Amino acid sequence: MEKYYVTTAIDYANAAPHIGHAYEKIAADIVARYQRLCGKKVFFLTGTDEHGSKVQKAAIAAGFDSPRAFVDETSSKFKEAWRRLLISNDYFIRTTEDRHKEVVQEVFRRMRQKGDVYIGKYSGLYCDGCEDYLRETDLVDGKCINHQRPPVHSEEENYFFRLTKYKEPVRQWLLEQEAHVLPAGRKQEVLNQLDDPELGDFSITRSRRSLTWGIPVPDDPEHVIYVWIDALTNYITGAGFLSDEEAWSTWWPADLHLIGKDITKFHAIYWPAMLLACDIPLPRLVFGHGFITVEGQKMSKSLGNVLDPVYLTEKYGADAIRYFLFAANTFDQDGDFSRAEMIKIANSHLANNLGNLLNRIVTLIGKNFTNAVPDIEAEQKYLDLADAKTEQYCQAMNVFEFAKAIRCVLDFVDEGNKYLADQKPWSMFKEYQETKDEAKLREAGRVLVTGMKLVKRAAILLAPVTPDLSEKIWKSLGYTESVHSITFNSSQFSHEITPGQVINNPGPVFPRLEEKETE
Ligand code: ME8
């Protein structure tokens, strides 16, 4: 069985999750569920990044005695948010886990043994939002462009990693025929960064005087390992490096590191260089997605528009949020979350198009065939259309073009709705009742069986995006096992339906969303 290992960035445990964090985790979940549908054995890792000065300061500001108690609380908020958003991660890693500390220290040791670590003086401008030193040329009006505040001058003795030794091998990896960084524009940015002579060796520790909340350097506890080295290493800890030989040999190298565009440099330059120094194979692909704004504006505490995904799931349910984010945005570009748009799109696509098609079919089969699917051939051209669209769906999913993939499903659902509207099976049933002409009954049955097969295929293909809705549709079509156990190779994937299969009518599977006037 082919394997697929997908990871997300691990979120800073300095505050509760927001919709941007959710966007990435849902994307990774869509990938994981789609790869399971392809029949692969999947390991899906997400988690929280819990060390560093940013988290330490947030703990103090929140009035906690110890950062540990603070990160216990914040990481559980992330776990809860992902549970509500139906994220199917196989493991949730926390960088404060003991086995992770051992892995980080081992990575440090290996780099040092290779002669790739040396001690030196560092003097520079540090932005604790980025947890990174910045150059004058990175600043706009003296401020960090990502965090809109000036970095602080910092001078201390640090350990350095000889990145310069690995710039050329990393460039070679980036230039290999098989793309290792996507989208292509982001790969070009990384290649440009590698060309910059100012990108040199970088500091990989902080002195204990400036940072206590982190993993100590082995044999030199006066120094604490830089939070990015600690964070990136989560991907190998999660795969069982040093702790689980069998898991490690199964899962590594990662097939996909899904991350935001702002942290591409760390994943496409620092991380491969670190792995090369440790003689660990490089990941297959790093994908840097776009950023989500809220109602057209960048999220910020000062604007008070930081959107809480838990609140959204309580109000609208996970399916609507998941569907809207990926049907309405292009994954490799920046996108937006707007409530009014979400309500409009979810109602139109899920309640009207898909929900209505299902509802008409189960109601008419219920009434006219006493809930049992009649033994009648479907109209082949619609099944051929669904197959062709399934192929296009897979092509789009394979390159993370989620909106395009979703559109393929809607295309054949739309055709199904048109087909029903043209054929009017309800009139055929009426005619049958009046004339008792069996041919009319069969004609109507044919329309319904065709429609049912389209809905069946739609439920399977949308399951990675709308897991709950797909399951409801699937169950209403009379299946007992879960839609999430279906793979492209399983018999249930084909257009075959057992005649006599008993459908049931659960009422609207996607109740229309309403915006309450008071909110
Ligand atoms: O960067 N839209 O953590 P983080 C889309 N701990 N994605 C967004 C976003 C938005 N508005 N805001 C943030 C870190 N993200 C590190 C990662 S990985 C070894 C360590 C994405 O909490 C961001 O790009 O700041 C990143 O991929 C993830 O959320 C976590 O961001």
Angle in degrees between helix 467-476 and the longest Cα principal axis of the chain, rounded to the nearest 10: 20
In order through region 279-284: 3J(HN,Hα) via Karplus (6.51 cos²θ - 1.76 cosθ + 1.60), integer Hz, x for Gly, Pro: 6, 10, x, 7, x, 6
Mean separation of Cα contacts under 8 Å, 6 or more apart, over the residue count of region 339-493: relative contact order %: 25
Between helix 184-195 and the chain: long-axis angle, C-alpha atoms, 0 to 90°, nearest 10: 10
Karplus 3J(HN,Hα) series, Hz, for region 120-128 with 6.51 cos²θ - 1.76 cosθ + 1.60 (x for Gly, Pro): x, 8, 10, 9, x, 9, 10, 10, 7
Eligible aspartates and glutamates near Lys143 by straight Cα distance, threshold 13 Å, same-chain separation 8 or greater: Asp128
Relative contact order computed over region 59-186 (Cα-Cα under 8 Å; 6+ residues apart), in percent: 17
Cys residues of the chain counted as unpaired, since no other Cys beta-carbon is under 4.7 Å: Cys38, Cys278, Cys394, Cys408
Interchain or long-range residues, amide H under 5 Å from Ala254's placed H: Arg284
Whole-number percent relative contact order across the chain, with pairs defined as alpha carbons under 8 Å at least 6 apart: 15
Phi to ³J(HN,Hα) by Karplus 6.51 cos²θ - 1.76 cosθ + 1.60 over region 416-427, Hz, x for Gly, Pro: x, 5, 4, 4, 5, 5, 6, 7, 6, x, 4, 6
Average accessible surface area per residue within the chain, 1.4 Å rolling probe, Å²: 42
D (Stokes-Einstein, µm²/s), Kirkwood Cα radius, region 107-257, 1.567 mPa s at 4 °C: 74
Inverse mean reciprocal Cα-Cα distance (Kirkwood Rh) of region 339-493, Å: 16.2
The chain, accessible surface, carbon-and-sulfur percent (1.4 angstrom probe): 49
Rg/Rh ratio calculated on Cα atoms of the chain (Kirkwood radius): 1.05
For Phe160, residues with placed amide H under 5 Å, excluding near neighbours: Tyr118, Ile119, Gly120, Ile204
Lysines whose Cα lies under 17 Å from that of Lys404, excluding same-chain neighbours fewer than 8 positions away: Lys389
Between helix 380-398 and the chain: long-axis angle, C-alpha atoms, 0 to 90°, nearest 10: 0
Lysines whose Cα lies under 23 Å from that of Lys436, excluding same-chain neighbours fewer than 8 positions away: Lys367, Lys424
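The values are calculated or read from the model by the stated rules, or taken from the named source; none is laboratory data. Since we're looking at a predicted model, the values are computed, not measured. Heads up, the Cβs are rebuilt from the backbone with ideal geometry, glycines too, and the neighbour counts pull from every protein chain shown. What goes into the accessible areas is simple: the full protein's heavy atoms, side chains included, and nothing from ligands, DNA or RNA. Shrake-Rupley method; radii C 1.70, N 1.55, O 1.52, S 1.80 Å.
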